[in-house]
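All remarks here apply to the structure that follows.
The values are calculated or read from the model by the stated rules, or taken from the named source; none is laboratory data. Given the structure is predicted, the values throughout are model-derived calculations rather than measurements. For neighbour counting, all protein chains shown are included, and Cβ atoms are generated from backbone atoms with ideal geometry for every residue, glycine included.
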Amino acid sequence: MNQNPRFDLSFMLRHVPDFGPAILTALEVFIAALAIALVVGVVLALARVTRTQLAWLAAAYVEIFRNTPLLMQLYFIFFGLPIAGVMISPFVSGSAAIGLQHGAFFAEILRGGIAAVRRDQREGGLALGMLPSQVMRQIVLPQALRNSLPAAGNQLVLLLQDTSFVSTIGIFEITLRGQTIAERSAASFEMFVVVGAIYLLLSAILSLAARGLEFAAAYAR
């Protein structure tokens, strides 16, 4: 006679330490992807506020990367580039795919922050004899970054969660580690509860850090 399946809490707790290396790997992907996303985001945002052809190219990049699935972009980099003779590791592929897509979102967030800076701030800087590049760097960008913090904090959490996509190319981060343990046991549901709880905890910590940064920036005004 088959017994009814039950929730095995002890199994979950016993395997929580097994996720340590996977968490570190996910954080490494997160940091690498974030570095790429911030650089791409700043460059694209500055390009979009110019009145040159760069604005059109930046706009095209943003639309393409925001409106195509991350998984497709990841596969294009991981499987497509080797066909062209460009060999890169799964870690670089995953970090690049996540960073390039989230860079498009960060670009729009920062562009909105720049647009929120009052026009008279720019005009006042120019009236003082500052160059347009100096006005952007010393007056507009600091205010735009503060304006962008709430939306950027939310985007950071989404970027962290998107690190789970690198499991599809064999990187042993949190999701793939949970799947591997689940395949070796009869407690697959419990393992994915652990995976969800880990992402929930990491996201909560990141959200709190982002809110703290927002508070510090507001207090410094």
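Restricting the range 161-190 to residues that are surrounded by fewer than 18 Cβ atoms within 10 Å (Cβ to Cβ) and aromatic (Phe, Trp, Tyr), the residue that is modelled with the lowest pLDDT is 189. Out of 92, 117, one residue alone is of a type in the set (Val, Ile, Thr) and more than 17 Å from the chain's Cα centre (by Cα). It is 117.
Taking the range 174-194 as the search range and keeping residues that are free of Cβ contacts under 8 Å to residues at least 24 places away in the same chain and assigned to a helix (DSSP H, G or I), which one is nearest to residue 19 (Cα to Cα)? The qualifying residue nearest to residue 19 (Cα to Cα) is 175. With respect to the conditions (1) in a helix (DSSP H, G or I); (2) touching a Phe, Trp or Tyr at 6+ places or on another chain (Cβ under 8 Å); (3) farther than 12 Å from residue 94 by Cβ, residue 163 falls short on a single one, namely (3).
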